[in-house]
Each structure stands twice: as C-alpha cells, then as structure tokens.
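*Asks:* Structure incoming, see below.
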Amino acid sequence: MVHRDVPDYATLTLAFEGRIARLTLNRPERLNALNPEMLSDLLDALELVRSHDGLNALFLQGSGRLFSAGVDLDTPFFMEHVDDPSVFAGTRLLNAQHRVITALFDQDVITIAALNGHACGGGGLGLAMACDMRISVRGARFWMVPLMLDVIQDFGLSWLAQRVIGPSRAIQMAVLGQKIDAETALTWGLVNELVDDQPALTARMNALAAQMGGMGSDALRMMKLVLRNGERSDLRSQLGMEAVANGLTFQSDEFKQKKSAYLRALKEDRK
C-alpha cells in the first residue's frame, strides 16, 4: 500500500516511528480542547493510522500541561454559535463528534493514551477511554461534567467507563462530577499505570515503543481481535477462536524466528 504524506495539521501532530504512530493533541493554549478543526484533523489522522501497514501501536497524548479539557466552550460543540434552529441541532453535532470515538476505538493496532495531565468531559476523558490502555502522570485528575449542566454524558463514556470501572463507579463519576485522582484511578482500573511526571511518562512511552516495536504486527493485531471478541463470546466459542488464530500464527515467519531464539536462550540458561 502507498502511504500518503502526513499533512501539516493545525491542531495536532502525527509521526510514524518504525512500527509506532505518535499522535499529539496540539492546542495547548486552549488546553487541547476539541473544536471543529481538531475533530477534522483527528479523523484524518486516525484514518492515516488505520491505513498504514506494519504498525503495532498508536500513542495518543496532549501537549502542554493537560491531556485535554474536553470540548472547546466557545464553539458549536458547547452549543455556542449554532446557526441550526432545529431541535435536532445538538444531536447532529454530537453524531459528528462521536465519529472520533469509533475511529479511535476501532483501530486494529494497540492504542495507548499517555495522560500528561487532566482529562475531563467527553472530549478529554472520552478520547482516553477509547484507547486500549492509559498511562498517567500522578498529578492528573479525571472527571465528567454532565449533570453540572443538566445534560447527558456523551463521547461514549456511558458505554466505555462502566466496562472498565463498573456501573456504580461510572454513575458516581457521571452524576456527582467527582474529580478522581490518579491513585484512585489506578485502584479503579481507570488507568493501567502511573508515572511520576512528564519526563517519566516520556521515558515509559519510549520503553513501550521499543518493546512493542519488536512484536509481530499480524500477531499483535490478531491478539487484539481475539481479546475484543472474548468480551462478548461464550467460553467454547472463544477457545475455538484462540485455536484458529494460533493455528495461523504458528505458520508465520515471526513465530518461527522467535521460537528458535527462545529455545536457544533456554538451552543457554540450562548450561
């Protein structure tokens, strides 16, 4: 497949480094809040990632001191400057915005949110929760805001959050708007790991890039597919899917090379 050049986006940056894609929200002066231009840039960038052969992972992070403050309050995404008089105007706007959640959640590669600061609301926490994993600095906070404004939580958090932290805690966050600190988020399973600060986060993501960059792309993508299927399948069906998937990976050159290296290492250890 021929890959098109990465555009010079106004609101984000996208870089391909070997088998890793790094996508950075880049509106630090607006705390990386989502506006119509960023939405368009994100959708285009995520399509580029999806169509890029040989990738293993996508790392998503924010520039500046926050991951994302949600949607930009001075845009139609907060029902400001909306010209559509229809009662369905808000629904239409949200349907358009929600495309970014499915575009991120449906990526074939492993997606990891590197949370360099707070992530709030649908446009912030929603993007983070649409990723497969989340690694956060200890100073970050996470919260939802809908019932502060008498609206409904959006950006998929009503679906994503309760699958990770359970229905009761999802209701707690959505209804009470409680700010969850990073240690609590780790205990709840909202994030997978904590690091001390931004330099430590950079180092951790670089270590993950080195680790995941050495994995076979086909096996990694198939592992994600099998695990996603396991969320909704019965045990017998899942065992069958594992057998078929492994039957394919057993025939790959990547498996044969790593099997040989693994057996050689075992032999050396036994000497």
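The values are calculated or read from the model by the stated rules, or taken from the named source; none is laboratory data. Predicted, not measured: the structure shown is a model, and the values here were computed from it. Because the Cβ atoms are built from the backbone with ideal geometry, glycine has one as well, and the counts that use them run over all protein chains shown. Note: areas computed on protein heavy atoms with side chains; ligands, DNA, RNA excluded. Shrake-Rupley method; radii C 1.70, N 1.55, O 1.52, S 1.80 Å.
*Asks:* Restricting attention to the range 39-56, report how many residues are loosely packed, with under 15 Cβ neighbours inside 10 Å and among the small types (G, A, S).
*Replies:* 2
*Asks:* Can you list residue pairs whose Cβ atoms sit under 7 Å apart, with the first residue in the range 185-196 being free of Cβ contacts under 8 Å to residues at least 40 places away in the same chain and the second being open to solvent by 30 Å² or more (accessible area, probe 1.4 Å)? Count only pairs 6 or more apart in sequence or on different chains.
*Replies:* Filtered contacts from the range 185-196: W188/R169; G189/V164.
*Asks:* Which pairs turn up if I take residues in the range 137-157 that are modelled with pLDDT under 90 and look for partners that are assigned to a strand (DSSP E or B) with beta carbon separation below 8 Å, at least 6 apart in sequence or on another chain?
*Replies:* Sorted first by the residue in the range 137-157, then by its partner, the pairs are V145/C120.
*Asks:* Across the range 214-245, what is the number of residues that are under 24 Å from L58 (Cα atoms), of a type outside the set (S, T, Y) and assigned to a helix (DSSP H, G or I)?
*Replies:* The first filter runs over the range 214-245 and keeps only residues under 24 Å from L58 (Cα atoms), leaving 214-231, 245.
Checking the rest, the ones that are also of a type outside the set (S, T, Y) come to 214-216, 218-231, 245.
Now drop any that are not assigned to a helix (DSSP H, G or I), which leaves 218-230, 245.
Counting residues in the range 214-245 that are under 24 Å from L58 (Cα atoms), of a type outside the set (S, T, Y) and assigned to a helix (DSSP H, G or I) gives 14.
*Asks:* Kindly check whether there is at least one residue in the range 57-67 that is among the aliphatic types (A, V, I, L, M), closer than 15 Å to G121 by Cα and open to solvent by less than 60 Å² (accessible area, probe 1.4 Å). Can you show your working first?
*Replies:* At the first step, the residues of the range 57-67 found to be among the aliphatic types (A, V, I, L, M) are 57-58, 60, 66.
Of the ones still in play, those that are also closer than 15 Å to G121 by Cα are 66.
Then keep just the ones that are open to solvent by less than 60 Å² (accessible area, probe 1.4 Å); that gives 66.
The answer is yes; a qualifying residue exists.
*Asks:* Is it the case that R228 is out of contact with any Ser or Thr (no Cβ under 9 Å at 6 or more places or on another chain) and open to solvent by 70 Å² or more (accessible area, probe 1.4 Å)?
*Replies:* Working: out of contact with any Ser or Thr (no Cβ under 9 Å at 6 or more places or on another chain): yes; open to solvent by 70 Å² or more (accessible area, probe 1.4 Å): no.
Judged against the criteria, R228 is not a match.
*Asks:* Residue under question is D72, and the condition is that it be among the acidic types (D, E), open to solvent by less than 30 Å² (accessible area, probe 1.4 Å) and more than 12 Å from the chain's Cα centre (by Cα); does it hold? Lay out the reasoning, then the answer.
*Replies:* Numbers: among the acidic types (D, E): yes; open to solvent by less than 30 Å² (accessible area, probe 1.4 Å): yes; more than 12 Å from the chain's Cα centre (by Cα): yes.
Spelling it out, D72 is indeed among the acidic types (D, E), open to solvent by less than 30 Å² (accessible area, probe 1.4 Å) and more than 12 Å from the chain's Cα centre (by Cα).
*Asks:* Still on this model: In the range 176-191, is there at least one residue being of a type in the set (A, V, I, L, M), open to solvent by less than 50 Å² (accessible area, probe 1.4 Å), more than 30 Å from M222 (Cβ to Cβ) and part of a helix (DSSP H, G or I)? Lay out the reasoning, then the answer.
*Replies:* We begin by selecting, within the range 176-191, every residue of a type in the set (A, V, I, L, M); these are 176, 180, 182, 185-186, 190-191.
Those left that are additionally open to solvent by less than 50 Å² (accessible area, probe 1.4 Å): 180, 182, 185, 190-191.
With the extra rule that they be more than 30 Å from M222 (Cβ to Cβ), the set shrinks to 180, 182.
Now drop any that are not part of a helix (DSSP H, G or I), which leaves 182.
Within the range 176-191 (the criterion being of a type in the set (A, V, I, L, M), open to solvent by less than 50 Å² (accessible area, probe 1.4 Å), more than 30 Å from M222 (Cβ to Cβ) and part of a helix (DSSP H, G or I)), the answer is yes, since at least one residue qualifies.
*Asks:* Further question on the same structure: Do the conditions hold for L248, that is, is it of a type in the set (A, V, I, L, M, F, W, C), over 28 Å from the mean Cα position of the chain (by Cα) and over 30 Å from L160 (Cα atoms)? Show your work before the answer.
*Replies:* Working: of a type in the set (A, V, I, L, M, F, W, C): yes; over 28 Å from the mean Cα position of the chain (by Cα): no; over 30 Å from L160 (Cα atoms): yes.
Here the answer is no, as L248 does not meet what is asked.
*Asks:* I need the full set of residues from the range 75-86 which are open to solvent by 20 Å² or more (accessible area, probe 1.4 Å) and modelled with pLDDT under 85, in order please.
*Replies:* Quick first cut of the range 75-86, residues open to solvent by 20 Å² or more (accessible area, probe 1.4 Å) only: 76-86.
Matches in the range 75-86: P76, F77, F78, M79, E80, H81, V82, D83, D84.
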